[in-house]
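A.B. asks: The structure's right below; bear with me while I get my questions together.
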């Protein structure tokens, strides 16, 4: 099924037909290199980035996920989660709620599987934005 509302960054093939989209994709800033970041700083940054993304739906899923699971993650798991957060907000949201096909790079990852399970909310918990700590 074709997505009736494609997002500019969700399908790289969209850039093939439009010079304007190609130029916009090329001008996007690359994620900062955070090599050598200590565990405490990484954890604090991830908490903040999960909460302050700009899309309320994604903020809610990611911030409650980080509140529940971030303290138990290893540095490697947090680094994988950090890479997931480099993806566009709506893509993360649609992947986590199962409304869009997950790209190969994230398809079999533990972090997205855990996020999808969290988004299913089997316990029917009323979720609200956690406080920043």
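The values are calculated or read from the model by the stated rules, or taken from the named source; none is laboratory data. Treat the numbers as computed from the prediction; the structure is a model and nothing was measured. Virtual Cβ from ideal backbone geometry, glycine too; neighbours counted across all protein chains shown.
A.B. asks: Being out of contact with any strand residue (DSSP E or B) (no Cβ under 9 Å at 6 or more places or on another chain), assigned to a loop (DSSP other than H, G, I, E, B) and under 21 Å from residue 34 (Cβ atoms) is true for just one of 86, 71. Which residue is that? Explain how you work it out, then say what you get.
C.D. replies: Values: 71 fails: assigned to a loop (DSSP other than H, G, I, E, B).
Sole residue among the options that is out of contact with any strand residue (DSSP E or B) (no Cβ under 9 Å at 6 or more places or on another chain), assigned to a loop (DSSP other than H, G, I, E, B) and under 21 Å from residue 34 (Cβ atoms): 86.
A.B. asks: In segment 10-51, what count of residues is obtained for those that are surrounded by 17 or more Cβ atoms within 10 Å (Cβ to Cβ), assigned to a helix (DSSP H, G or I) and modelled with pLDDT under 80?
C.D. replies: 1
A.B. asks: For residues that are within 19 Å of residue 55 (Cα to Cα), in contact with a helix residue (DSSP H, G or I) (Cβ under 6 Å, 6 or more places away or on another chain) and part of a helix (DSSP H, G or I), tally how many sit in segment 89-127.
C.D. replies: 9
A.B. asks: Return yes when residue 54 is at pLDDT 90 or above and outside any helix (DSSP H, G or I) and no when it is not.
C.D. replies: Numbers: at pLDDT 90 or above: no; outside any helix (DSSP H, G or I): yes.
So residue 54 does not fit the description; no.
A.B. asks: Moving on to the next point. Under 8 Å between Cβ atoms, at least 6 apart or on separate chains: pull out the pairs that start in segment 90-107 with a residue that is at positive phi and in contact (Cβ under 8 Å) with a residue 12 or more places away in the chain and end on any residue that is outside any loop (DSSP other than H, G, I, E, B) and surrounded by fewer than 17 Cβ atoms within 10 Å (Cβ to Cβ).
C.D. replies: Here the result reads 98/116, each pair linking segment 90-107 to a residue that is outside any loop (DSSP other than H, G, I, E, B) and surrounded by fewer than 17 Cβ atoms within 10 Å (Cβ to Cβ).
A.B. asks: Contact list please: Cβ distance under 6 Å, first residue in segment 111-125 and within 13 Å of residue 58 (Cα to Cα), second residue assigned to a loop (DSSP other than H, G, I, E, B), pairs at least six apart or on different chains.
C.D. replies: Pairs that qualify, where the first residue is within 13 Å of residue 58 (Cα to Cα) and the partner is assigned to a loop (DSSP other than H, G, I, E, B), are 119/97.
A.B. asks: Still on this structure: Against the condition modelled with pLDDT under 90 and more than 20 Å from residue 121 (Cα to Cα), how does residue 3 come out, does it pass? Write out each step before concluding.
C.D. replies: On the way: modelled with pLDDT under 90: yes; more than 20 Å from residue 121 (Cα to Cα): yes.
Answer is yes for this residue.
A.B. asks: Now a separate question. Can you give me the number of residues within segment 101-121 that are buried (at least 17 other Cβ atoms within 10 Å of the Cβ) and over 24 Å from residue 38 (Cβ atoms)? Lay out the reasoning, then the answer.
C.D. replies: Going residue by residue through segment 101-121, those that are buried (at least 17 other Cβ atoms within 10 Å of the Cβ) are 102, 106, 111-112, 114-115, 118-119.
Those left that are additionally over 24 Å from residue 38 (Cβ atoms): 102, 106, 112, 115, 118-119.
Final tally of qualifying residues: 6.
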